[in-house]
Structures are given as C-alpha cells and as structure tokens.
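Novice: I'd like to ask you about the structure that follows.
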Amino acid sequence: MLITEPTVEEQTANKKIISLTVSLVVMLVIGLIAAIVGVLANLKEEPELIAKIVAVGEQNDPKMEKKTVMKQVKQASAASAASPIAKMIRANTTAKIVAPKVTRVSDGPLGLGEGDFGDGFGAGGGGMGSGASFFGTKSRGRRFLFVLDHSASMSQGQIDLRDSELEKALKALPANVQYNVILFAGGCLFAEKGWGYTNGGRGLNYSITGPKDATYPFKGRSAGDFEFEGPDSKLPKSNWLPATKVNVKNTMEFVRGGVGKFFGTDWGLALKTGMNMSPPPDTVFFMSDGTGGNDPKPILSYNKKMGNAKINTFAMQTKQGANQFNDIAKGSGGKFVIVLKGGETIDGADYLKDPGKYSGKL
C-alpha cells in the first residue's frame, strides 16, 4: 500500500481543527470559573476571627479576654471573592496565641530604652542592651559597674556572700553587654590582672598600682576619709569588658584571690573612679558594710556631671549609713537594699520608714 505525505491543504485543515478544539476547552474552563465566582459573589462572608496574643497567666483575666474575638462581616465584593480559600481559612480559624512569660526588668528609662526580657534576661538584641540583677535588684543597660567593699572590716562570710552573688550576676549577662568591677577600701582598684596596692605605712597611705607601671596615690586622714593625690581625672582607669565566659572567669579569680583586703572605707573616690569610665556606666551596683561619713551630695553631683548613672545601693548586713545609702539611690533613680546574713534582702526605704518593723534582723 502506498503511503503519501498529507498535502498542504490537509495540513492546514488539521491545524484549524486543533486550534478550534483548544479554544473550546479554554472557553469551557473560563465559563466554569465565572460560574463559581458568580455563586461565591452572592454568598455573605463568614465572620472573620482575629487571634489576640495573651500572656501566660492572663487567660482568665476578664480585661484581657474582652474582645479577644472580633467579628467583621462585610458585603462581599468581586475582589474579596477572588480568594475563596483565604476566606475559608479565616472563617474557620479560632486560635488563641499564647506568648511566653516575660519579666519587666526596670521601672524606668535607662540606656537605650525600656523593654522586657525573659526570666534569665536572654541576649539583648540589636545593641539595645539587657538586664542585670544583684541581690534581686534588676536594672537595664549596656554597661554595668559593680563597686564593692573590699575593706578589712568585711568578714569572710560577707566576702563569700558578695562573691557568690557577683558571680551569678556576671554569668547571667549576655556577651553583647559590658561590665567591670571595682574593689575599694582606702583607695580603689579594678578587679583585673595587673592591679594591686602597696601600703605606705599605718594603713593610711596606699599606692594603687595598675598595668604598665601606673601608680595612683591615696592618702588617708582617717578610716573613712581618704584623698586622691591628684585631680579626679587622674583617678584609676580601665576599660569595659565584654561579658564573655573567659572575662567573667578571670574577674572572679581576681575577686576571690587577686588581692587581699585593705584598710579604710571611702565611697566617694570609688564611685568617682567608676563614673570616670568612658563611656560612663548605665547602672552601678554599689555595696559596702558601712560608711565613714561619705556625703551623698558631691557623689550625686559628680554622677550627674559624668553621665547620670542609676546607682543601686546595698548595705551589707548593716544599718550604718542607711540614710546615705538611701539618698544616693533615690537621687540617681536607683534602689536601696539592706542585705541580711542569709542573703535575704529588705527594702531600705521601707526600713527607714519603720526600723522597728525589722527589729532583730540587723
């Protein structure tokens, strides 16, 4: 049987048949879609449910539950009917989103602004800083300074309690914030390798030594009244430390054994030294077991001049100097706390209002 190639006329006819068939199929599909859209356009839109974020522990609060679900019924339009799947999802959604519990760290602005952090403060994001806690007092910031009594009057029990709380505070800091620690008595030094002191006689003259053979002379008039032999700008200096595991480990090793306790108690010089840091601290945690008559007014004035840090004050197992502790905290926006022997604390301002309430605890 002889098979011949189709003629040009036959090829043209075949193409026309195929084109017509495709056109008919497309028209049928378009017609079907148009029919569906027409039906949906005549239907009313189902209520739209909007989920509200509710913190854990607040689900039963009527104020929080009110208006958790809002109904929004609108006249359907061709545009809204174009997404029937989206309508079905919204109309059948009845979820309540539960947010993780958060802890407010501070009750006032500090550093770069207020915010909430998780129970362990977490990592501060975007350079916004984070929270720090010392003996239960929490504050926000990016730079935290601990100014701690290292005088001869501190008992071993007080030293151990101080060091334990300091270690917890430093380990809780995220690595994107900075810190430093100043130890003070009749003079002050940074809790870093390379710092120390020599006694010039009778416990009233100290030469604080720093890295690169730097020396800082302090002269005492009495146990609670020392002077720095030079302008305030020449007080001991150091840099901020990132709160890394290595830095925290080195700091705690120095605090626990890098230098022995020494004579005297002078708050003002130690706090001035911390305020001189560049940039200045956002928050100071200041602890002492007593006072030698340090006047809060010059301390607060210098703080306001240098950066106006929040100063949280801690009286270590004493009521001595309670008024000064309170004035410094109140004048800088901080909090005054009295630390008891077991590490528990009482509100210092409350103590001053009614000392008898705490009889036998101090």
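Novice: What about residue 226, is it touching an Asp or Glu at 6+ places or on another chain (Cβ under 6 Å) and touching a residue at least 40 places away in the same chain (Cβ under 8 Å)?
Specialist: Yes: the conditions hold for residue 226.
Novice: Run residue 194 past the list (1) small (Gly, Ala, Ser); (2) surrounded by fewer than 21 Cβ atoms within 10 Å (Cβ to Cβ); (3) in a loop (DSSP other than H, G, I, E, B); (4) in contact (Cβ under 8 Å) with a residue 24 or more places away in the chain and report the number of the one that doesn't hold.
Specialist: (4)
Novice: Can you go through 303, 312, 250 and tell me which one is under 24 Å from the mean Cα position of the chain (by Cα), outside any loop (DSSP other than H, G, I, E, B), of a type in the set (S, T, N, Q) and surrounded by fewer than 21 Cβ atoms within 10 Å (Cβ to Cβ)?
Specialist: Sole residue among the options that is under 24 Å from the mean Cα position of the chain (by Cα), outside any loop (DSSP other than H, G, I, E, B), of a type in the set (S, T, N, Q) and surrounded by fewer than 21 Cβ atoms within 10 Å (Cβ to Cβ): 250.
Novice: Assuming residue 220 fulfils every condition listed in (1) at pLDDT 95 or above; (2) part of a strand (DSSP E or B) apart from one, which condition is it?
Specialist: Checking residue 220 against (1) at pLDDT 95 or above; (2) part of a strand (DSSP E or B), the one that fails is (1).
Novice: Taking the conditions exactly as written (more than 12 Å from the chain's Cα centre (by Cα), part of a strand (DSSP E or B) and at pLDDT 50 or above), does residue 148 satisfy them or not?
Specialist: Considered against the rule, which asks whether it is more than 12 Å from the chain's Cα centre (by Cα), part of a strand (DSSP E or B) and at pLDDT 50 or above, residue 148 comes out as yes.
Novice: Continuing with this model, one more query. Looking only at segment 135-178, how many residues end up being out of contact with any Leu (no Cβ under 8 Å at 6 or more places or on another chain) and among the aromatic types (Phe, Trp, Tyr)?
Specialist: Here the count works out to 1.
Novice: If you don't mind, there's one more thing I want to ask. Within segment 341-362, take every residue that is basic (Lys, Arg) and under 18 Å from residue 158 (Cα atoms) and give me the one that is surrounded by the fewest Cβ atoms within 10 Å (Cβ to Cβ).
Specialist: Result: 341.
Novice: Let me ask another. For residue 258, are the conditions met, namely being closer than 16 Å to residue 208 by Cβ and surrounded by fewer than 23 Cβ atoms within 10 Å (Cβ to Cβ)?
Specialist: Spelling it out, residue 258 is indeed closer than 16 Å to residue 208 by Cβ and surrounded by fewer than 23 Cβ atoms within 10 Å (Cβ to Cβ).
Novice: How many residues does segment 260-270 hold that are under 19 Å from residue 235 (Cα atoms) and part of a loop (DSSP other than H, G, I, E, B)?
Specialist: 4
Novice: Somewhere in segment 327-335, is a residue touching a residue at least 24 places away in the same chain (Cβ under 8 Å), in contact with a Pro (Cβ under 6 Å, 6 or more places away or on another chain) and not in a loop (DSSP other than H, G, I, E, B)?
Specialist: yes
Novice: In the list 315, 270, 349, 329, which residue meets the criterion of being under 18 Å from residue 226 (Cβ atoms) and among the aliphatic types (A, V, I, L, M)?
Specialist: None of the others qualify; the one that does is 270.
Novice: With respect to residue 338, is the statement that it is over 22 Å from the mean Cα position of the chain (by Cα), in a helix (DSSP H, G or I) and crowded, with 20+ Cβ neighbours inside 10 Å true?
Specialist: no
Novice: Another one. Just to check your reading of the model, which residue among 164, 130, 155 is crowded, with 23+ Cβ neighbours inside 10 Å and more than 15 Å from residue 236 (Cα to Cα)?
Specialist: Residue meeting the stated conditions: 130.
Novice: Let me ask something additional. Before we move on, is residue 319 of a type in the set (D, E, K, R), surrounded by fewer than 23 Cβ atoms within 10 Å (Cβ to Cβ) and either out of contact with any helix residue (DSSP H, G or I) (no Cβ under 8 Å at 6 or more places or on another chain) or farther than 22 Å from residue 138 by Cβ (or both)?
Specialist: So residue 319 fits the description; yes.
Novice: Cβ contacts < 8 Å: first residue among the basic types (Lys, Arg), restricted to segment 271-282; second residue crowded, with 20+ Cβ neighbours inside 10 Å and part of a loop (DSSP other than H, G, I, E, B), any location; separation 6+ or different chain. Result?
Specialist: 272/235
Novice: Next question, about the same structure. Could you list, in sequence order, all residues of segment 222-247 that are of a type in the set (A, V, I, L, M, F, W, C) and either touching a helix residue (DSSP H, G or I) at 6+ places or on another chain (Cβ under 8 Å) or surrounded by 13 or more Cβ atoms within 10 Å (Cβ to Cβ) (or both)?
Specialist: Within segment 222-247, 223, 226, 228, 235, 240, 241, 243 qualify.
Novice: Related question: In segment 328-362, what residues are among the aliphatic types (A, V, I, L, M) and under 11 Å from residue 313 (Cβ atoms)?
Specialist: 328, 329, 337, 338, 339, 349
Novice: Looking only at residues in segment 205-215 that are under 24 Å from residue 289 (Cα atoms) and buried (at least 17 other Cβ atoms within 10 Å of the Cβ), which one is modelled with the highest pLDDT?
Specialist: Filtering first and then ranking leaves 208.
Novice: I would also like to ask the following. Before we move on, is residue 279 of a type outside the set (Lys, Arg) and within 22 Å of the chain's Cα centre (by Cα)?
Specialist: yes
The values are calculated or read from the model by the stated rules, or taken from the named source; none is laboratory data. None of the values given here were measured: they were computed from a predicted structure. Positions of Cβ are backbone-derived with ideal geometry, glycine not excepted, and every protein chain shown enters the neighbour counts.
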